[in-house]
1. Give the share of C-alpha pairs in each 10 angstrom bin for segment 2-157, from 0 to the last occupied bin, in whole percents, shortest bins first.
2. Compute the relative contact order of segment 166-287 as a whole-number percentage, counting only Cα pairs closer than 8 Å that sit 6 or more residues apart in sequence.
3. For segment 166-287, what Kirkwood radius comes out of the mean inverse Cα-Cα distance, in Å?
4. Which ordering of Asp83, Asp192, Asp42 is given by a fewest-first count of other beta-carbon atoms within 10 Å?
5. Residues of segment 155-196 with amide nitrogen under 16 Å from the 7 Å Cα-to-Cβ point of Val209?
6. Hey, what's the Kirkwood Rh for segment 131-207 if you take every pair of different alpha carbons, in angstrom?
7. For Val81, Val210, which order do you get if you count the other beta carbons within 10 Å of each Cβ and list the fewest first?
8. For the peptides 154-166, 134-146, what is the packing order when you average, over each peptide's residues, the other Cβ atoms within 10 Å and list the highest mean first?
Amino acid sequence: MHIGIIGLGKMGANMRTRLRNAGLTVTGYDRNQDVADVASVDELIAAIPSPRLVWIMVPAGAITDSVVNELAEKLEEGDLVIDGGNSRFTEDFKHVELLAPKGINYIDAGVSGGVWGVTNGYGLMVGGSQEQVERAMPVFDALRPEGPREEGFVHAGEVGAGHYAKMVHNGIEYAMMQAYAEGYELLEKRSDLIKDVPGIFSAWQRGTVVRSWLLELMVLALKEDPTLANIEGYVEDSGEGRWTIEEAIDNAVPVPTIAASIFARFVSRQDDSPAMKAVAALRNQFGGHAVKKAD
């Protein structure tokens, strides 16, 4: 199978590598020509045999819109577009409405795995028709972790379902990180009693009910910087957490834990706290998200 990827940042470039390692042919385009395989979207389209499969991996919002609009004008009937970025699920409805009259197919794919996905595989949540999902399964199978398909991939429903599932996933992620971060601050506060905070987190990795990949990443962060002295306690939010809360309000679903984790990030922009240093360190570990260095 031959696939095109538009967007070769941290995620897109690693996905290209994983796909190639699985034996797929990949042509990638990025505005940064140092990482691109072709010089333009036109060249990418020309390089892929018809019917084409083009994966979009660019920032959500206006940039994704511009790429979808460009593909709507340049792709042909029978081609398939997959948006693997962190678009809001309502954007998928707009994109399919634009592409469908031209006979261009569309799938939305929520992707989790961050900078580690190239070796560990990516968790995939996909929305679209059964026919188009089956068509793209060689791509999804190459990207997902090894093991049973159902443990790293789900066809969540129709168009929009993949990004909706990823939105909820990220809302849960916010809350889990906040819990670890608050535990870190409480342990760090009792320096008169607690003498090895990194060691405590490390010991929790086996046999405890709080063990998780996020905990493992917390351990890595503390190995690199045991007191998180080099990180400022300022944490961005990329949108999915806010969208999760908005959707919960619209559907009268109480999500107090997720909501509190979002508000905690807002607090981080006012005060420098140990808990927010921990959240910033975790985001850097799993997603390569930029952190503010302490002065």
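Read-outs: derived from the displayed coordinates by stated rules, not from any lab. These numbers come from a predicted model, not from an experiment. Ideal geometry is used to build each Cβ from the backbone, glycine not excepted, and the neighbour counts take in all protein chains shown.
1. With a bin width of 10 Å, the distribution comes to 11, 45, 37, 6.
2. Normalised by residue count, the contact order of segment 166-287 is 41 percent.
3. Value: 14.8 Å, from the Cα pair sum.
4. Least to most surrounded, the residues fall as Asp192, Asp42, Asp83.
5. 180
6. One over the average 1/r among Cα pairs gives 16.1 Å for segment 131-207.
7. In order of increasing Cβ crowding within 10 Å: Val210, Val81.
8. 154-166, 134-146
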